[in-house]
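Each reported figure results from applying straightforward, stated rules to the coordinates on display, with no laboratory input. All figures in this text were calculated on a predicted structure; none of them were measured in a lab. A quick note on method: Cβ atoms are made from the backbone with ideal geometry, for glycine too, and the neighbour counts reach across all protein chains shown.
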Amino acid sequence: MAKGSHGDVLDQIGHRIVLGEPAPGEVITVADLEAEYSVSRTVVREAVRVLESIGMVRSKRRVGLTVLPRECWDSFDAHLIQWNLTGPGRQAQLESLIELRLAVEPVAARLAARRASADESAELVRLSDTLDTLGQQKLGNSDQYLEVDVAFHSLLLASSGNPMFRTLTKPICEILRGRSALGLTPAVPAPSVLADHLGAALAIQRGESEAAEMHVRGYVASIWQEVIRDPQPVVSP
């Protein structure tokens, strides 16, 4: 195999483990990986370091790298999410991420209505206006729309003032990038989704916590219907 960078080798090994080859409990060695990918030990060790940080392998001297079971893996890691989205576990990954959004984003909006600064709320309104404009122009599947959408949801989580919600920015934004990369984002977003983004931003700006939560729950529920197979009705608490 041709020589590759640390990132290339990491992606290839990560994909293999996600596919179950090698399976949990199996042992591989750094030397075997060096030979297979025709790369230096340094490159392999960098890839292994990342895999260990995700919890996918455990390294032990004189033994090698033992592949760990899935329950040990860091489900929030962006690398793992990407590997799952491009493998047979794509649907399960999409569903788990949208379920995470449904659990977190409405509450984040409620908190943001109480805690967001004037600059943060004004920026949320500006971003939602831009999303609406791009959506009306049938650019919902464009890179420009994606980056504005990522910025909106990142700021929403940050504006909640909850540092634990902020740490969920990467996995939640990963579903936005993942859906776009897979061609699952519509060129023309549902009018209700665009309206709820703007409604949430305006409610946050006015300090209306219940309305902010309602609008966010509305747009996440709409996306739920698009992503989840045989979805059950989403009932507000």
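Couple of notes before you dig in:
- Relative contact order of the range 6-72, taken over Cα pairs closer than 8 Å and 6 or more residues apart, is 40 percent.
- When +1 charges are put on Lys and Arg Cβ atoms and -1 charges on Asp and Glu Cβ atoms, the dipole computed for the chain relative to its Cα centre reaches about 580 debye.
- Here the 3J(HN,Hα) profile of the range 212-223, calculated from phi with Karplus coefficients 6.51, -1.76 and 1.60 at θ = phi - 60°, is 4, 4, 4, 5, 5, 4, x, 6, 5, 5, 5, 5 Hz, Gly and Pro shown as x.
- Karplus-based coupling profile of the range 34-50, in residue order and whole Hz: 4, 5, 5, 9, 6, 10, 6, 4, 4, 4, 5, 5, 5, 5, 4, 4, 5, with θ = phi - 60° in 6.51 cos²θ - 1.76 cosθ + 1.60 and x standing for Gly or Pro.
- Packing-based order for 207-215, 32-40, using average beta carbon neighbours within 10 Å, highest first: 207-215, 32-40
- Which of G87, I98, N141, positive extreme of dipole for the chain (C-beta unit charges): G87
- Annotation: for a label point projected 7 angstrom from Cα along Cα→Cβ of D119, residues of the range 155-172 with backbone N closer than 17 Å are 155-161.
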